[in-house]
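Okay, so here's the structure we're looking at.
The values are calculated or read from the model by the stated rules, or taken from the named source; none is laboratory data. Computed from a predicted model, the values in this text were never measured in an experiment. Here the Cβ positions follow ideal geometry from the backbone for every residue, glycine too, while neighbour counts run over all protein chains shown.
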Protein chains: 2
Amino acid sequence: MRILQSKSIANQVDEILLERIRGGVYLPGSRIPSESELSDELGVSRATVRTALAKLAANGFILRKQGDGTYVNEHIHETSAHFGNLWDLAELIAGNGYQPSIRFLSMERRPATEKEALVLALEEGEELICLRRLFYADQQAVILADNVIPFSLLCEPIEKIDGKLHIRDIFEQYFHQKISFVLTDIRSTVLEADAHEFLSGESGRAILQLQTIFYEKNNLPLALGVNIFDDSFLHLSLAQAWN
Amino acid sequence: MRILQSKSIANQVDEILLERIRGGVYLPGSRIPSESELSDELGVSRATVRTALAKLAANGFILRKQGDGTYVNEHIHETSAHFGNLWDLAELIAGNGYQPSIRFLSMERRPATEKEALVLALEEGEELICLRRLFYADQQAVILADNVIPFSLLCEPIEKIDGKLHIRDIFEQYFHQKISFVLTDIRSTVLEADAHEFLSGESGRAILQLQTIFYEKNNLPLALGVNIFDDSFLHLSLAQAWN
DNA sequence: AAGTGGTCTAGACCACGGC
DNA sequence: CCGTGGTCTAGACCACTTG
């Protein structure tokens, strides 16, 4: 369960506008009301409206033209990922037009490899929890997601862990840790036997790999994530405002 | 030549702070002056300072902690790309710690394929300009960059085109077009014979491909770009604030 | 308790585009 | 010319962390 924190006004405005875009109130290519009109209508200052509009523009939902107006981007349906959300696999699947779901595969304890110990600032051989999950797009298995976390950080009995939660909630609930920032490496690799067991496609084909390191607020590494998927099925596409 | 437009105060503040971070005035892991101190020192309002800090935080250069302070990210040297700059190949190379340079390979005119015509909203067979360039990291050829642009958009004699310019400047100077936003697809593929001629590595190995569509302000497609590189040499890594 | 970043306001002026 | 978005200011209050 996730506690509902009262969101900032700017975030609420952002959600209202996004809902209008997605709901067809503001049609693709059309001009939306001006900043002053929105601030009047919603009863907030123009600065607050601008905060929300800036977020929408950064993610390519709208295009802003000085001296003219703000327009709904006609190409929003061709993007599947958004900045600040590159690691959100469910959203990536939804952005591709499928219904996302998660299957919990396995959880095991094992000592850290040399490389893992290096990245996580541990002693080699220290115990890790390895979480393996499979993401589905509709009924199709599309993303194999592995996460490794030092066992020493665990605050709750290992049996309690719900493998279907968002990775953020897993950290918060069972490790009492908040993630402050993440570092993601986007790589190209080939589908190997190990993963081929879960993902479709012939072995040896090119696939995308997202390697993520999670850090807490004091810049200490919390965990590693490796997500692989076939990008001929699931597209990783980003919209960016140019300036 | 690029006209120097006087930059906004917020951008200037951003540059000053980034210079201090890169120059070691603000050391990795250390706390930088508070917003009030910076606004006093630089003689700008706190809101302007915050605009600059928000940009730095979005790109992972700094970490902000409410009730505590703002800290220089210790892991900035592990990132090579930044949001809003995913298409800037020279910066990607520099972010990996190499000196970038460009070699102009070829420019030819040919009719559009069916797929190109579809994406660029042209008739099949309409004439295109194909620009092929090679990016170097120090002395090593690392990125093969192809761009195709409708010939009908060209405003200057084709012989004048300087193939070593930034793609943005090519559009501005020879096509009199400003790019408003871009849509980038990140894909995994294998090194084929065609490209293998220019890039090192054995044929058949997995490489990254960035496919970009450039749009002008009225949402009309301007051009296509395909950039491929070996991600075992050049890493595509992004830092993101979580929240 | 003091200081930090987070949020919001009201108002001002500018640069640009369309009419 | 007018309305748009772009920038900046000065000030206020809140939420949070640390000592």
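Before moving on, here are some points about what is shown:
- For residue A:19, the stated conditions hold: it is assigned to a helix (DSSP H, G or I), within 30 Å of residue A:173 (Cβ to Cβ) and more than 9 Å from DNA strand C (Cβ to nearest atom).
- Residue list for segment A:35-61, filter: within 13 Å of another protein chain (Cβ to nearest Cβ), within 22 Å of residue B:86 (Cα to Cα) and near DNA strand D (Cβ under 9 Å from one of its atoms): A:54, A:57
The rows are residues; the columns are (1) farther than 25 Å from residue B:123 by Cα; (2) modelled with pLDDT of 90 or more.
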position: B:139; (1), (2): yes, yes
position: B:144; (1), (2): yes, yes
position: B:157; (1), (2): no, no
position: B:160; (1), (2): yes, no
position: B:177; (1), (2): no, no
position: B:188; (1), (2): yes, yes
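- Total residues in segment B:19-34, condition more than 14 Å from every other protein chain (Cβ to nearest Cβ) and either surrounded by fewer than 18 Cβ atoms within 10 Å (Cβ to Cβ) or within 11 Å of DNA strand D (Cβ to nearest atom) (or both): 8
- The set of residues in segment B:215-230 being at the interface with chain A (Cβ under 8 Å from one of its Cβ atoms) and within 16 Å of the chain's Cα centre (by Cα) consists of B:215 alone.
- Scope segment B:162-189; condition more than 16 Å from DNA strand D (Cβ to nearest atom), hydroxyl-bearing (Ser, Thr, Tyr) and closer than 18 Å to residue B:88 by Cβ; matching residues: B:184
- Of the residues contained in segment B:143-160, none is found to be surrounded by 12 or more Cβ atoms within 10 Å (Cβ to Cβ), farther than 26 Å from residue A:238 by Cα, touching a Gly at 6+ places or on another chain (Cβ under 6 Å) and free of Cβ contacts under 8 Å to residues at least 60 places away in the same chain.
- Residue check, residue B:172 acidic (Asp, Glu) and free of Cβ contacts under 8 Å to residues at least 12 places away in the same chain: yes
- Against the criterion of being within 11 Å of chain A (Cβ to nearest Cβ), outside any loop (DSSP other than H, G, I, E, B), away from DNA strand D (no atom under 12 Å from the Cβ) and on the phi < 0 side of the Ramachandran plot, residue B:94 does not qualify.
- Test: residue in segment B:2-14 that is surrounded by 15 or more Cβ atoms within 10 Å (Cβ to Cβ), within 16 Å of DNA strand D (Cβ to nearest atom) and closer than 24 Å to residue B:166 by Cα: yes
- Output for segment B:64-83, where each listed residue is within 12 Å of DNA strand D (Cβ to nearest atom), within 9 Å of chain A (Cβ to nearest Cβ) and either surrounded by fewer than 17 Cβ atoms within 10 Å (Cβ to Cβ) or within 18 Å of residue A:213 (Cα to Cα) (or both): B:65, B:68
- Test result for residue B:121, under 30 Å from residue A:181 (Cα atoms) and in contact (Cβ under 8 Å) with a residue 60 or more places away in the chain: no
Listed here are the residues, each with its yes/no results for (1) within 16 Å of DNA strand C (Cβ to nearest atom); (2) among the polar types (S, T, N, Q).
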{"position": "B:8", "(1), (2)": "yes, yes"}
{"position": "B:33", "(1), (2)": "yes, no"}
{"position": "B:40", "(1), (2)": "yes, no"}
{"position": "B:54", "(1), (2)": "yes, no"}
{"position": "B:78", "(1), (2)": "no, no"}
{"position": "B:86", "(1), (2)": "no, no"}
